[in-house]
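Chemist: Sending over a structure as structure tokens; questions will come in a sec.
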Amino acid sequence: MPYLDVGTENTGGIGLYYEDHGEGRPIVLIHGWPLSGASWERQLLPLLEAGYRVITYDRRGFGESDRPAIGYDYDTLADDLNLLMTELDLRDAVLVGFSMGTGEVARYLGTYGSWRVDRAVFIATIPPFLLQTNDNPEGVDGAVFDDIRRAIINDRPAYLTRFFENFYNLDVWQGSRISEEVVRLSWDVAASASPIGTLACVATWLTDFRDDLARIDVPVLIIHGEEDRVMPIKATGDRLHKALDDSRYVVVKDAPHGLCWTHADEVNRALLEFLGECAPPVNLPLTASQ
């Protein structure tokens, strides 16, 4: 299994587990909280069959990656992504983030620019700025996140059960678009993640990405579920579309937050159509500044 060294904590290294499949233009899939790269199961095969090289990785603390007690902030997480992009020497890549992974996409582009990136996709987005403040009245009350942190501290496994009820809108879709077994698999992956990382990531959701968005200079696709109970569409997807001039917005009717599984056909159709508009890859030599 391939691992990428992204740092150290005391006497131990911090390795990110990643998978690199196929050939063609690289598509980097960045998963949401509290899952892993395996959550892209229903996107992986369609992308490979369409002729793309597909890279998934597990965020530090999640999946098969190491579980440090440090580094759960978007500056560090974007640094981790940059190390992956550099190590694999990815060019003309497409960054595809889901939920918390959209923060890595925004912060990476805001920090490192787009010279390795052709375009970006935000699915069930966190940006532009989730927290309600005086200059961000459309955001979510901070008390909501305090309650989440308390629930995780008090009984993380029980919280995860409640979380996935709203992640997939199980009262609507269980038994039709999602099985009990998939929900159980999601819970198993989430429960096996670092308790420290699971808790620490909640604070990152309150990151202000508005300056990062101002630096994005590639075409963007935004996909959001109309009935997202985790990242309310009016506070996230609607506002991100308004913030990005060169963006296309696909609202998936009746879809929940976890639409990459429940509405995989709709997500894949929008994603492949957007990818099909990419210009042919251009392999330019690196310059000293790059």
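Taken together, the values in this text are just the output of simple stated rules run on the coordinates, not laboratory data. These numbers come from a predicted model, not from an experiment. Quick reminder, even Gly has a Cβ in these numbers, built from the backbone with ideal geometry, and neighbours come from all protein chains shown.
Chemist: Could you list which residues have their amide H under 5 Å from that of SER65, counting only those 5 or more apart in sequence or on another chain, with H placed in the peptide plane?
Modeler: Amide H neighbours of SER65, under 5 Å, 5+ apart: TYR17.
Chemist: Hey, another quick one. Residue-wise, which Karplus ³J(HN,Hα) couplings in Hz belong to region 208-215, taking 6.51 cos²θ - 1.76 cosθ + 1.60, θ = phi - 60°, and x for glycine or proline?
Modeler: My calculation for region 208-215 gives 8, 9, 4, 5, 5, 4, 5, 9 Hz in order.
Chemist: Sticking with this one: In nm, to one decimal, how far is the modelled label at SER179 from the one at TRP115, with both set 7 Å along Cα→Cβ?
Modeler: Once both label points are built, they end up 4.8 nm from each other.
Chemist: Here is a follow-up. Return the long-range amide H neighbours of ILE14 (sequence gap of 5 or more, or a different chain), with a cut-off of under 5 Å between placed amide H atoms.
Modeler: It is VAL6, GLY7, THR8, GLU9, by chain and number.
Chemist: Considering only DSSP beta bridges whose two residues both sit in the chain, what percent are antiparallel, to the nearest 5? Walk me through the intermediate numbers first.
Modeler: Details: 12 of 39 bridges.
The antiparallel proportion sits near 30 percent.
Chemist: For THR133 and ASP147, compute 0.36 nm times the residue count separating them, minus their Cα-Cα distance, and round to one decimal in nm.
Modeler: Once the chain is fully extended between THR133 and ASP147, it gains 3.3 nm.
Chemist: Let me ask something else about it. List, in order, the whole-Hz ³J(HN,Hα) value for each residue of region 260-277 obtained from phi through the Karplus relation with A = 6.51, B = -1.76, C = 1.60 and θ = phi - 60°; use x for Gly and Pro.
Modeler: 5, 9, 5, 10, 4, 4, 5, 5, 5, 4, 5, 5, 5, 5, 5, 5, x, 8
Chemist: Under the Karplus relation 6.51 cos²θ - 1.76 cosθ + 1.60, θ = phi - 60°, what is the ordered set of whole-Hz ³J(HN,Hα) values for region 36-52, x standing for Gly and Pro?
Modeler: The phi angles translate into 8, x, 5, 5, 8, 3, 7, 9, 4, 5, x, 5, 5, 5, 7, x, 9 Hz.
Chemist: Show the residues, 5+ positions off or on another chain, whose built amide H is closer than 5 Å to the amide H of ILE222.
Modeler: For ILE222, whose amide H was placed from the backbone, the distant partners under 5 Å are PHE122, ARG248, TYR249, VAL250.
Chemist: At what distance in nm do the modelled label points of VAL218 and ASP188 sit from each other, each positioned 7 Å from its Cα along Cα→Cβ?
Modeler: Between VAL218 and ASP188, the label points sit 3.4 nm apart.
Chemist: Right, another one. Is the shape of the chain best called rounded, prolate or oblate, per the rule: a/c under 1.5 gives rounded, else a/b larger than b/c gives prolate, else oblate, with a ≥ b ≥ c the square roots of the Cα gyration tensor eigenvalues?
Modeler: Working: a/c = 1.29, a/b = 1.18, b/c = 1.09.
Rounded shape, in that the Cα axes give a/c under 1.5.
Chemist: Turning to a different aspect of this structure: If you place +1 on the Cβ of every Lys and Arg and -1 on the Cβ of every Asp and Glu, how big does the dipole about the Cα centre of the chain come out, in debye to the nearest 20?
Modeler: Values: 25 positive and 45 negative charges, 34 e Å.
In debye, rounded to 20, the chain gives about 160.
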